[in-house]
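Novice: Structure in structure tokens, see below.
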Amino acid sequence: MRKEIDTRHNAPWKQRFRAKSLRWAHIAHQRPERGVVCSNQGGVFQLYAWDIPSGELVQVTDVPTGLISGMISADGEHIYYHQDEGGNEIGHYVRVPFAGGTPEDVTPNLPPYASHQLTQSRSGNLKGVTIADKDGFGVFVFLDGQELRRLYRSERMAGGPSLSFGGETAVIASTERSRSLDYEALAYDVQTGECIAHLWDGEGASITPGAFSPIPGDSRLYVAASKSGYNRPLIWNPRTGERRDLILDGIEGEVNARDWSPDGRRVLLSQFHQAKTQLYIYDLDTDHVARLDHPEGAIGGWSGPFFAANGEIFTILEDAASPPRLIALDPNTGVTRRTVFEATDVPDGQPFRSISYSSENGATIQGWLGVPDGKGPFPTVLHTHGGPTTVMTQTYFPAAQAWLDHGFAVLTINYHGSTTFGKEFEKSIWGNLGDLEVADMAAAYQWLVDEGIATPDAVFLTGGSYGGYLTLQAIGRRPDIWAGGMAVVAIADWKLMYEDQAETLRGYQRALFGGTPDETPEATAASSPITYAQDISAPILVIQGRNDTRCPARQMEAYEEKLKRLGKAIQVHWFEAGHGSRKQEQQIEHQELMMRFAFQLSR
């Protein structure tokens, strides 16, 4: 039975949003007693210098809108991050001393830029960065305090570079050949700037470079190759041309390499199959692969599992009801040795279970279902993740628990386009966004009703970023089955969005559609929620960041104006930040806005 909204300050659902947790952790390669973590322990995600022996954390950033990415230098002396304006993701990389201090610009001679990737060699002698601007993507290397030196430039998406231990070799991910989201690996001699090797498995396959060996002078790096239909790991030496595909007979689905053991003789592997994670250790001397007996849940967090200096495996662990914490695993068995950083104890929540159903085209769609106490059917929230090239796993989900606390069922689905279900499934939406995904959502509605879980006239849509886009697209494409939609930092018009968004995202959009909006006008229009404004019948709530450069403001203003002109019910709540909120209290405010919206419509 649906309950009234619990507005108390210490309501259990609010306590879950306020949980102290980690998003990721890194250790300095050459100074393993120092690290950096991203934590929300002060109420907003910031970067903290981590003294590993004592466990002490010292906050070194104070970004009003929050900060969720960064890096510690190999020598442990500095912490790096991208400093922007109000969360707009346009700015410069800066560094602060490990002990804290004033940020120092490490690329002072450049105009503000968009970048999602800063790398370094394990020795710390060289940094690498990918910068997107009006001319496309540039990959550079540099020494702190010196000018950037460009290795590569393309109008198409590029990433990296991965740098060898001493910075002698750089490997870049390029989409110049595929003109899609399939990558080719290009290796460069850093000293001469010459391209010395490339790795390419043919049309329709992707090669994604990983990390180089931790051994000085060793030019091997692990790579993900998708020619089998799933990402599978191999070891490549661009200096010798040697390629070694790892033998993983009997291990299904997608498998990615995550880290090298300190001696370079073993590789930590992560299997993703049916949205679940399993870790393995691969012995390169014997080709033996060992399954680790780690706890069940979402493993890795944003940084992925990695080897600590003492050989332990550090990883983030979480599940739908338990916040992320950092644990240490035995490197031979995977059994938990200790908890490195605890998360806040939170009120008990409902577990989620994996379900599957058939979509309208017959494909099997996997999802995670949470059901409140009591007897159904229930008002229900159908959630779609962002991306689209991501996957929903057993991650901590305080918003879902808030709905469950108040008598709503929750289903979050891994629609067509999601990763880890095979490349054919992932690529099925390319060039035709918002079609198969909406069919998956409509089939989820029918499954929920047929199973007696959902009240037929009280199924609500929600999601953020690409999930917010799908909320608006489904509201317009299948208007008769939804009670309402709640879209967060959403896409409403792909053409207007392309005109205003950061260059990094323009490259991504071109890869998804196969060209610019002017080059793909029909697909761009068919994939835009604003095209279906006339057909909308259910009310809509949008929560949008004013400084967002991924899903910029103007395209949402145009959507709102058109719906209001047509007499449609739409509310837009603007907040002063970028692509989503990193503040606990603001997240609570947004959740309460959505619950009040849904409660009003499901009385």
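Novice: Compute the acute angle (0 to 90°) between the alpha-carbon long axis of helix 503-513 and the principal axis of greatest extent of the alpha-carbon atoms of the chain; round to the nearest 10°.
Specialist: With rounding to tens, the tilt is 70 degrees.
Novice: Here's something else I'd like to know. To the nearest 20 debye, what is the magnitude of the charge dipole of the chain about its Cα centre, counting +1 on the Cβ of each Lys and Arg and -1 on the Cβ of each Asp and Glu?
Specialist: Around 620 debye, computed over the chain.
Novice: Given the convex hull over the Cα atoms of the range 353-601, what projected area results after averaging over all orientations, in nm²?
Specialist: Over all viewing directions, the range 353-601 projects a mean Cα-hull area of 12.3 nm².
Novice: For the range 83-89, take each phi angle, set θ = phi - 60°, evaluate the Karplus expression 6.51 cos²θ - 1.76 cosθ + 1.60, and give the result in whole Hz per residue in order, putting x for glycine and proline.
Specialist: The phi angles translate into 9, 10, 10, x, x, 7, 6 Hz.
Novice: Moving on to the next point. Work out from phi, with θ = phi - 60° and the Karplus expression 6.51 cos²θ - 1.76 cosθ + 1.60, the ³J(HN,Hα) of each residue of the range 549-559, listed in order in whole Hz, and give x for Gly and Pro.
Specialist: 9, 8, 10, x, 5, 4, 5, 6, 4, 5, 5
Novice: Distances longer than 20 Å among the Cα atoms of the range 23-108: what percent of all pairs is that?
Specialist: Looking at the range 23-108, the distances longer than 20 Å represent 26 percent of pairs.
Novice: Amide H neighbours of ASP259 under 5 Å, at least 5 residues apart or on other chains, H built in the peptide plane: list them.
Specialist: It is LEU268, by chain and number.
Novice: Percent antiparallel among DSSP beta bridges with both residues in the chain, to the nearest 5?
Specialist: Counting only bridges with both partners in the chain, antiparallel ones make up about 80 percent.
Novice: Could you tell me the center-to-center distance, by alpha carbons, between the range 407-485 and the range 533-561 in angstrom?
Specialist: 18 Å
Novice: Scan around ALA308 for amide H atoms under 5 Å from its own, H built in the peptide plane at 1.01 Å from N, and keep only partners 5 or more places away or cross-chain.
Specialist: Correct list: ILE313, PHE314.
Novice: Specify the inter-centroid distance of the range 81-111 and the range 1-77, based on alpha-carbon positions, in whole Å.
Specialist: Answer, in whole Å: 19.
Novice: Over all alpha-carbon pairs in the chain, figure out the percentage whose distance exceeds 43 Å.
Specialist: For the chain, the fraction of Cα-Cα distances above 43 Å is 17 percent.
Novice: Measure up LYS276/LYS427; LYS427/LYS495; LYS3/LYS583; LYS495/LYS568; LYS134/LYS427; LYS127/LYS495 against 30 Å on the Cα-Cα distance and list the ones that go over.
Specialist: LYS127/LYS495
Novice: Could you work out the equivalent-ellipsoid semi-axes for the range 296-432, taking the square root of 5 times each eigenvalue of the Cα gyration tensor, largest first, in whole Å?
Specialist: Semi-axes from the Cα gyration tensor: 29, 23, 11 Å.
Novice: So how strong a dipole does the range 182-238 carry about its Cα centre when Lys and Arg Cβ are +1 and Asp and Glu Cβ are -1, to the nearest 20 debye? Don't jump to the answer; show the numbers that get you there.
Specialist: Details: 3 positive and 7 negative charges, 53 e Å.
The dipole of the range 182-238 has a size of about 260 debye.
Novice: Over the chain, what relative contact order in percent results from Cα pairs under 8 Å that are six or more residues apart?
Specialist: 11 percent
Novice: Treat the count of other C-beta atoms within 10 Å as a stand-in for reagent exposure and order TRP50, TRP200 from fewest to most.
Specialist: Starting with the residue having the fewest Cβ neighbours, the order is TRP200, TRP50.
Novice: Might you report the magnitude of the Cβ-based charge dipole of the range 456-525 about its Cα centre, with Lys and Arg at +1 and Asp and Glu at -1, to the nearest 20 debye?
Specialist: 180 debye
Novice: Cα atoms only, the range 362-486: Rg and Dmax in Å?
Specialist: 13.6, 43
Novice: Taking amide H positions as placed in the peptide plane 1.01 Å from N, state which residues far from HIS78 in sequence (5 or more) or on other chains have amide H under 5 Å from it.
Specialist: Hits under the 5 Å cutoff: SER73, PHE98.
Novice: Can you tell me the 0 to 90 degree angle between the C-alpha axis of helix 436-450 and the longest principal axis of the chain, rounded to 10?
Specialist: 50 degrees
Novice: Continuing with the same structure: Pairing the Cα long axis of helix 466-477 with the longest principal axis of the chain, what angle in degrees results, from 0 to 90 and rounded to the nearest 10?
Specialist: With both axes taken from Cα atoms, the answer is about 30 degrees.
Novice: From the backbone phi of the range 67-80, what are the Karplus-calculated ³J(HN,Hα) couplings (6.51 cos²θ - 1.76 cosθ + 1.60, θ = phi - 60°) in whole Hz, Gly and Pro given as x?
Specialist: Each residue's phi maps through the Karplus curve to give 8, 10, 9, x, 7, 9, 5, 4, 8, x, 7, 9, 10, 10 Hz.
Each reported figure results from applying straightforward, stated rules to the coordinates on display, with no laboratory input. Note that the structure is a prediction, hence the values are computed from the model and not measured. Methodologically, a virtual Cβ is constructed for each residue, glycine included, from the backbone with ideal geometry; neighbour enumeration extends over all protein chains shown.
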